[in-house]
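K.L.:
One structure follows; several queries about it will come next.
The values are calculated or read from the model by the stated rules, or taken from the named source; none is laboratory data. These figures come from a predicted structure and were not determined experimentally. Ideal geometry is used to build each Cβ from the backbone, glycine not excepted, and the neighbour counts take in all protein chains shown.
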C-alpha cells in the first residue's frame, strides 16, 4: 500500500467534489496536486499543496480554498485533523490505523513493496562507466560505475524498461597509444631490454600479459612488420584483453551491462558518422563555416579555418561545434553525435549519461546534438560524478604498483569489500566530491553508514531467532511466516516510536518513485541510514524500558505484533540494499 498515492487520490476526490459543487468555474488540473511528508513531524502526517496549486483556477485566495479542501478531507474517517499552515498548505493528521494497515501491506507484499509503475514501461538507456579500454579501472571510474548501476536498478524498480550500456572508446589516438605501449611489452616478452617506459606511453605492469600473449601468438613476426601492419594487430589484442580485465573489475563490484557498444563500429564498414553528418546537413544543421576567435579562455577544439560545423547554437549551445579535424578525420564530438543517434534509432527517447567531473563543459553540445538528431523528441540527462579522494586513516592514497600512477578499483574492492565501496559511493550526492577513507569504511560503528544499515538488517533477523523461545510454533522465513505474521494484532502497536517507524516504512514507495524520477539513488542510501537510526534507537529503548522490547516473555500476542514491525523493517532494508547492490546479511561476523 502506498499511503501517499492513496491520499493523493483522496485529495483529488475532495477537489472534484468541490468542483461539482461549483467552486471551480472549469475542471481543475488535478495533476498538480502533491501529497508529501510535512517538513516538521509535529505538523502532522501528510501535507498537500492542493490549495496553492489550484487557487487561481478557483479564483480564490489559497487559504480560502485550503479551508474548503480541509473541510472535505475532515469528512474522511482516516483523517483526525486537517489544519491550514503558511500560505495555504494543508497538514493532515491520520488515524494510527492507517500506518498499521500500511505495515500489514509491507508484510504481505514482501520484496514487491515499494516497486511502482511510474515508468509505465518507458524505455530508458543508462550509459555508465564507458572508460577508455587503456588499462584497469581506477577509483574514479568506480563511483560512476556504482552510481550508474544503482540508478538503473532504481529506474527498473519504478517501472522503466532499462538498458544498461557501456560505450567502448576503441577508436582514436588513445588506443593507438595503448597499442604502442603493448608493443613495447611484446618486445620485452621476447627478451629485449626495453629500459624505462618512454613519456606518453602507458607504464603500468598490467600490459605485460598483453605483451606475453602477443609473443606467444606471433613469436618475432611483429618485429619484422612496419608499424602500419603491427599497430592494428596489437591494438585489437590489447583492447580485447583490456576489456576482459574491465569486465572482471566490474564483476567484482557487481556492476553489469546489457550492451557493450563499440565506437569503432561507427566507422568500420558502414560509416554511420558520415551518414549522421549528411542527414544533419540536409536539415540545415551542418554547414561549412569559420568560427570567430573564442573570448576569454581558449577553446580546446578551436581552429581558425573553414571547416564543417554543427549548428549547436540552434539548440542551446554557446558556439557551433567542429565535426572534422584539419586532416579530414572526425572529431570525438562527431562520433558522439552518431553514437547517440543509434540510441534514438533503437527507440530510446530517455537517455542518461554518467560522466566524470572533467566532462562538464561537454554537456551543452551533447544535449544540443540529441535534440537535433531526435528532432526534439528525445531527452538527454547527463549526471556528473565528482572526484573521489582516496584516504587511509586521514592520509591521501595516490599511487599503485599495478597501474603505475593511480589506485585501481580492484585494489579498493579487495581491501574493504564490495558492499563498503558501493554503499559509500552512493552516500553522497553524485555531484559532490567524496573522501573515501579505507580505514573508516570497515569500522563497526554508527559512524560507518554501511555497517550501521547492514547491522540493522542483521539485528532484525537476530530478533526473529531469539523470538522462537516465546513463539516456538512460529514458522521460518517464507510464505508460512508471512501468513503467520499477517494475523498479528497490529492494534497493539501504539508506542509513538513504533508509529514513527511505521510512518518511516510507509514512506519507502514514495521515496523510490521520487528518487527514480530525479535520477538520485543517493536518496535511498540516506533513507536506509535514517531507518537504521530509528530502529536501533527503539531497540536501545527496550534496554532501559523492558515493556518496549520487541520480545515480551509473558505476552506472545504483543511479541507477534512487534515481530510484524520487525518484518516490515527487514523487508525494506533488504529491498533498499538490493537497489544499491549491497548485501543484506542475516548476521554480522
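K.L.:
Of all residues being under 26 Å from the mean Cα position of the chain (by Cα) and farther than 11 Å from residue 420 by Cβ in segment 454-465, which is surrounded by the most Cβ atoms within 10 Å (Cβ to Cβ)? Just the residue, please.
P.N.:
So, considering only residues that are under 26 Å from the mean Cα position of the chain (by Cα) and farther than 11 Å from residue 420 by Cβ, the one surrounded by the most Cβ atoms within 10 Å (Cβ to Cβ) is 457.
K.L.:
Based on this model, can you work out whether residue 437 counts as surrounded by fewer than 21 Cβ atoms within 10 Å (Cβ to Cβ), in contact (Cβ under 8 Å) with a residue 12 or more places away in the chain and closer than 15 Å to residue 390 by Cα?
P.N.:
Details: surrounded by fewer than 21 Cβ atoms within 10 Å (Cβ to Cβ): yes; in contact (Cβ under 8 Å) with a residue 12 or more places away in the chain: yes; closer than 15 Å to residue 390 by Cα: yes.
Against the criterion (surrounded by fewer than 21 Cβ atoms within 10 Å (Cβ to Cβ), in contact (Cβ under 8 Å) with a residue 12 or more places away in the chain and closer than 15 Å to residue 390 by Cα), residue 437 qualifies.
K.L.:
Identify all residues within segment 201-246 that are part of a helix (DSSP H, G or I) and in contact (Cβ under 8 Å) with a residue 60 or more places away in the chain; write none if there are none. Full working, then the answer.
P.N.:
Residues of segment 201-246 part of a helix (DSSP H, G or I): 205-218, 221-224, 227-246.
Within segment 201-246, 205, 206, 207, 235, 238, 239, 242, 243, 245, 246 qualify.
K.L.:
Quick check on my filter: what residues within segment 337-390 are at pLDDT 95 or above, out of contact with any helix residue (DSSP H, G or I) (no Cβ under 8 Å at 6 or more places or on another chain) and in a strand (DSSP E or B)?
P.N.:
350, 381
K.L.:
Take residue 545 and tell me if it is modelled with pLDDT of 95 or more, loosely packed, with under 15 Cβ neighbours inside 10 Å and farther than 30 Å from residue 429 by Cβ.
P.N.:
Details: modelled with pLDDT of 95 or more: yes; loosely packed, with under 15 Cβ neighbours inside 10 Å: yes; farther than 30 Å from residue 429 by Cβ: yes.
Criteria met by residue 545.
K.L.:
Further question on the same structure: Please go through segment 137-174 and pick out each residue that is part of a helix (DSSP H, G or I) and closer than 24 Å to residue 268 by Cα. Steps first, answer last, please.
P.N.:
Just the residues of segment 137-174 that are part of a helix (DSSP H, G or I), to begin with: 139-157, 173-174.
Selection gives 173, 174.
K.L.:
Can you tell me which residue within segment 32-55, out of those that are in a helix (DSSP H, G or I) and in contact with a helix residue (DSSP H, G or I) (Cβ under 9 Å, 6 or more places away or on another chain), is surrounded by the fewest Cβ atoms within 10 Å (Cβ to Cβ)?
P.N.:
Step one: of segment 32-55, the residues in a helix (DSSP H, G or I) are 32, 41-43, 50-55.
Now narrow it down to the ones that are in contact with a helix residue (DSSP H, G or I) (Cβ under 9 Å, 6 or more places away or on another chain): 32, 41, 50-55.
Numbers: 32: 12, 41: 10, 50: 29, 51: 27, 52: 19, 53: 20, 54: 25, 55: 18.
Checking each candidate, the answer is 41.
K.L.:
Further question on the same structure: Just to verify a result, which residue in segment 340-372, among those that are in contact (Cβ under 8 Å) with a residue 60 or more places away in the chain and crowded, with 22+ Cβ neighbours inside 10 Å, is farthest from residue 150 (Cα to Cα)?
P.N.:
372
K.L.:
Could you please let me know if residue 313 is modelled with pLDDT of 95 or more and either in a loop (DSSP other than H, G, I, E, B) or farther than 25 Å from residue 129 by Cβ (or both)? Explain how you work it out, then say what you get.
P.N.:
Working: modelled with pLDDT of 95 or more: yes; either in a loop (DSSP other than H, G, I, E, B) or farther than 25 Å from residue 129 by Cβ (or both): yes.
Spelling it out, residue 313 is indeed modelled with pLDDT of 95 or more and either in a loop (DSSP other than H, G, I, E, B) or farther than 25 Å from residue 129 by Cβ (or both).
K.L.:
When you go through (1) surrounded by fewer than 20 Cβ atoms within 10 Å (Cβ to Cβ); (2) within 19 Å of residue 446 (Cα to Cα); (3) in contact (Cβ under 8 Å) with a residue 40 or more places away in the chain one by one for residue 501, which number turns out not to apply?
P.N.:
Among (1) surrounded by fewer than 20 Cβ atoms within 10 Å (Cβ to Cβ); (2) within 19 Å of residue 446 (Cα to Cα); (3) in contact (Cβ under 8 Å) with a residue 40 or more places away in the chain, residue 501 violates only (1).
K.L.:
Let me ask you something else. If you check 409, 471, which single one turns out to be surrounded by fewer than 21 Cβ atoms within 10 Å (Cβ to Cβ) and touching a helix residue (DSSP H, G or I) at 6+ places or on another chain (Cβ under 8 Å)? Walk me through how you get there before you give the answer.
P.N.:
On the way: 409 fails: surrounded by fewer than 21 Cβ atoms within 10 Å (Cβ to Cβ).
Going through 409, 471 in turn, the sole match is 471.
K.L.:
Shifting gears a bit: Quick check on residue 584: is it under 23 Å from residue 104 (Cα atoms), assigned to a helix (DSSP H, G or I) and in contact with a helix residue (DSSP H, G or I) (Cβ under 7 Å, 6 or more places away or on another chain)? Give the derivation first.
P.N.:
Details: under 23 Å from residue 104 (Cα atoms): yes; assigned to a helix (DSSP H, G or I): no; in contact with a helix residue (DSSP H, G or I) (Cβ under 7 Å, 6 or more places away or on another chain): yes.
No; evaluated as a whole, the condition is false for this residue.
K.L.:
Which one is farthest from residue 572 (Cα to Cα) among residues in segment 14-31 that are without any contact (Cβ under 8 Å) to a residue 24 or more places away in the chain and part of a helix (DSSP H, G or I)? Write out each step before concluding.
P.N.:
Our first condition is that a residue be without any contact (Cβ under 8 Å) to a residue 24 or more places away in the chain; within segment 14-31, this holds for 16, 19-22, 27, 30-31.
This time we only want the ones that are part of a helix (DSSP H, G or I), so: 16, 19-20, 30-31.
Working: 16: 34, 19: 39, 20: 40, 30: 31, 31: 29 Å.
Filtering first and then ranking leaves 20.
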